[in-house]
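Only one structure is covered here, and it is reproduced in the block below.
Each value in this text was obtained by applying a stated rule to the coordinates, not by laboratory testing. In this text the structure is predicted, and so the values were computed from the model without any measurement. We place every Cβ from the backbone using ideal geometry, glycine too, and count neighbours over all the protein chains shown.
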């Protein structure tokens, strides 16, 4: 009987947390379908009775008066730029982070101080490294290019990838790899054919985390690009004050993250719990 109030408090707390977490998403989607006069109406319009797709026009460059449609709208191009840059940067950060994690975990490469130094680098404010990166990419002719932005994003996220993956690799006993080598595998075969499958959930969780960082990065993108490689966060900023269009773009920008999360949710659950129980 004494547990009932305890459970009720938890249920109420969970409900309040869900309201705080889900209300911004509800408001964003609702506003994306509102006509102009309802964006900042007083009292607020929770659900419009005059839904419109006009706020999504920047994605497809559509003229709703004539019905003319051009699937090469500026926001659509920004979405594609973000996807290309974020995907490539995530893959490279994972590859570098995984190799570094194996090196530090299995071979103690560089020692503990170097591992801490890598994490410390990520603690530096992005604005401090943005200007040096701008100068370097300018010298290399990579300013306002996909490659330049990918390299900047990789530099930003490799420390995260390294430390997250290192914790997963550390959790796999050395004896498993040693047994594989006794069966005829080389050391690197043991790493990638034995250890890697065991930490697959952790790799997937790390990949999603890094992808979200890259997908939402604004500062480096606005400093290192001009007109050619405009990413989604910059495109949304260009519509400051135009709440309906910003809500529509934010809704579309959130879809890839949600879809990827749904597709890999089983691996995410394993990745987030991997290492939670210590040997």
Among 36, 90, 52, what is the fewest-to-most ranking by other Cβ atoms within 10 Å? 36, 52, 90
Could you work out how much longer the chain between residue 10 and residue 25 gets when fully extended? Use 0.36 nm per residue separation minus the Cα distance between them, nm to one decimal. 3.1 nm
Can you give the extra length, in nm with one decimal, that the chain gains between residue 91 and residue 237 once fully stretched, where that is 0.36 nm per residue apart less the Cα-Cα distance? 49.9 nm
A correct fewest-to-most ranking of 215, 163 by other Cβ atoms within 10 Å would be 163, 215
Calculate, in whole percent, how much of the Cα-Cα pair population of segment 138-219 lies beyond 22 Å. 44
Here the alpha-carbon Rg of segment 3-52 over 2.2 N^0.38 Å rounds to 1.64
Estimated translational D of segment 119-184 in µm²/s (Stokes, Kirkwood radius over Cα pairs; 10 °C; 1.306 mPa s): 109
Only counting other Cβ atoms within 10 Å, I'd like 75, 186, 30, 240 sorted with the fewest neighbours first. 240, 186, 30, 75
Shape parameters for segment 75-273, alpha-carbon atoms, Rg then Dmax in Å: 18.9, 65
At a Förster distance of 45 Å, what's the computed FRET efficiency of residue 187 paired with residue 53, Cβ-Cβ distance as r, to 0.05? 0.20
